[in-house]
Structure formats: C-alpha cells, structure tokens
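Student: Below: one structure in structure tokens.
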Amino acid sequence: MRNVNLLLILASLCAMTSAPMLAAQDTHEHEENAEHQDHEEAGEHEESESAHVEISASMAEQVGIRSREAGSGTLVRTLASYGRLTLDPDTIVHIRARFPGQIVNVNAGLGDSVEAGDRLITIESNDSLQTYTVTAPMSGTVLERNANLGGVAMEQALFTIAPLDILLAELKIFPGQRQQVAPGQMVRIDTGDTQIEASIRDILPQGDDSPYVIARVQIDNSDGLLAPGRLVTGHIVVERMEAPLVIERRALQSLDNSQVVFIHEGNAFEARPVELGLTDGEFVEVLSGLRTGERYVVDNSYLIKADIEKSGAEHAH
C-alpha cells in the first residue's frame, strides 16, 4: 500500500514539473516563429522598398526619363539585304547636237542644276553656217559635259543630265531569299544617317553567272542629302503579326535575373517582371506582367535601374 502511494506522489510531482517546461518550450517556439515572421516581413518590405523609386516629374524631365502607354501593336518580321544607291537609268538624258558644227557658246557647267528649256550650248552648223541653240529637255543636274568653246560638235553626247531628287536603292537578293521578296513589298532603307520607308518597284535578273537578282527601290531625295554610290541596308518586310500587347524592346532592363520594365504612376517607378513572346527587334510581345493602358518607361530606364540597385545595396549594408 505504501509503495502504491509513493508511485502516485511521484506521478503527481512529474506532472507538476513537466507542465511548466512544456509551456516554456511553447513560448520559446512562438517567440522564434514570431521573430522569423518579423524577419520575413522585414525582408519583403525591404525588397518592396528596393523595387521602386520616387522621382519627381521635374527631375524625370530633366534627366530625360520618358514613358508611354502600353497597348496593342504590329510585329514586323524583316529580311536584310545590302546594296547601294544609283541613278534611275530611265531618267538619264544624253544630249547631242542636231547638226555637226563648231561650238560658239557654252552656257552650262558640270554639276550645274538646269531647268527644262534652259539654254545649254550654241552651235554654228557646218552646212548652213547658221547658229542654233540646244536646250535642256528636262530639269536635272549636269553629270557630264563634253563640250568646250571652240570645239566641234559631232555625234558625241555633249551633256548628260539626270534628276537627283529620285534615286534607286539596288538591293541584292540571293536565292535563299528570293521566294520571300516581290514587287510592292515595303522596305526600310537604312543609309547610316537616316531611315526611309519605300517599296520595291521591280526585280531585275542579272547575268547568267550572277547568284542574285536586284530589287530596285525608289527613294525620295528631294532634300538632296543622298548621292549615288552610297552603301545602304534594306530591311524588307516579309511578315506582319498583330499582338494584343507590345512594348518597345529598348524599355527592357535586367534586374535580379529577370527581364523587367519600369511602371510609371505619379512620381513612382516600379520594377515589373514581364514574360515576353515574339519580337521583331524593335518591339516585343508581352504575355504577362503588364496590362494594357499602363505606362512604362521607354527613355533612360537604365537610370531607374541604377537607382534601385543603389538603394538595394544600401539596405544590404
């Protein structure tokens, strides 16, 4: 009986001593969990703080940060071809004397611009000894002159005139490209200084031993800034694809191993990871991460990236 009572007392003592220990352990675990949660929330808050910056409108304007609205667009697949600018052979005119004779007056020089009807040269006919005048049949620039005062006009071309306000870009199209190229297709001609939108006028075969054909593109040169012989690149449009949401490719930045754009709302600029689709080199399709109508930074987005990275580095220390 005594042994039974002793066992009951020991059991009671164990129960009394273990309960506070369990309570203390639960309290310690709760404190650890709360501390861990606080650290997680602090980390999330720090990450949120470092993922965006505040920039006033005046400062953004001063440093050239500009944004635009995201929306639908057309992706254009192009084919690159290379060539040079030439005169349009259909517009080149070679001027000759009507009758052989001595040249008694020359009114136009090499490189002169002439208008249709302008006097070019006066010749004294060998047969009638009468003088007659040769005029410009069209407006253009004197590219060649084979006439000098006192010389003799025979069957040679005295002047070569051509307009320079219209030029041709002659692009080489190789066999692997030929099926994708046809007259009427749009082309963006890159001269190095500027880009010109035009269309393929015609396609001409070359000699039997030539591996390519020539696609001729008519270029407006009314400002006179281009000259024959200049090397150019042609980007021929071979396919157009409509996309519900596109952005300019230059707006993309790499941040934390993700492709992001910076959303602009008020004075806030937030890094937004985006999932991308097709691209034509200039624009890229956005599959997720951005909504139609949101404004995203296009110009100088790298400045915002640098500011965010700097802010993140300061928080890390």
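Student: Name the single residue, out of those in the range 107-161 being outside any strand (DSSP E or B) and among the polar types (S, T, N, Q), that is nearest to the chain's Cα centre (by Cα).
Tutor: By that ranking, first place goes to Ser139.
Student: What single numbered condition from (1) open to solvent by less than 50 Å² (accessible area, probe 1.4 Å); (2) more than 25 Å from the chain's Cα centre (by Cα); (3) of a type outside the set (A, V, I, L, M, F, W, C) fails to hold for Thr191?
Tutor: For Thr191, the failing item is (2).
Student: Please verify whether the range 38-53 includes one or more residues that are assigned to a strand (DSSP E or B), modelled with pLDDT of 50 or more and open to solvent by 80 Å² or more (accessible area, probe 1.4 Å).
Tutor: No, the conditions are met nowhere in the range 38-53.
Student: Then there is this: Condition (residue is touching a strand residue (DSSP E or B) at 6+ places or on another chain (Cβ under 9 Å) and crowded, with 18+ Cβ neighbours inside 10 Å) applied to the range 201-212: is it met by at least one residue?
Tutor: The answer is no, given that none of the residues of the range 201-212 is touching a strand residue (DSSP E or B) at 6+ places or on another chain (Cβ under 9 Å) and crowded, with 18+ Cβ neighbours inside 10 Å.
Student: Quick check on this structure: which one of Thr135, Thr131, Thr160, Thr141 is β-branched (Val, Ile, Thr) and open to solvent by 80 Å² or more (accessible area, probe 1.4 Å)?
Tutor: Thr131
Student: Test Glu124 against the criterion of being exposed (fewer than 14 other Cβ atoms within 10 Å of the Cβ) and at pLDDT 95 or above, and give yes or no.
Tutor: It is false that Glu124 is exposed (fewer than 14 other Cβ atoms within 10 Å of the Cβ) and at pLDDT 95 or above.
Student: So which of Ile236, Ile247 ends up being surrounded by 20 or more Cβ atoms within 10 Å (Cβ to Cβ), out of contact with any Lys or Arg (no Cβ under 6 Å at 6 or more places or on another chain) and farther than 30 Å from Ser58 by Cα?
Tutor: Ile236
Student: Please state which one of Ser222, Ser254 is surrounded by fewer than 17 Cβ atoms within 10 Å (Cβ to Cβ), among the small types (Gly, Ala, Ser) and not in a loop (DSSP other than H, G, I, E, B).
Tutor: Exactly one of Ser222, Ser254 is surrounded by fewer than 17 Cβ atoms within 10 Å (Cβ to Cβ), among the small types (Gly, Ala, Ser) and not in a loop (DSSP other than H, G, I, E, B), namely Ser254.
The values are calculated or read from the model by the stated rules, or taken from the named source; none is laboratory data. Values in this document were obtained by computation on a predicted structure and should not be read as measured data. So basically every Cβ, Gly included, is an ideal-geometry build from the backbone, and we count neighbours across all protein chains shown. Heavy atoms of the whole protein, side chains included, go into the accessibility calculation; ligands, DNA and RNA do not. Shrake-Rupley method; radii C 1.70, N 1.55, O 1.52, S 1.80 Å.
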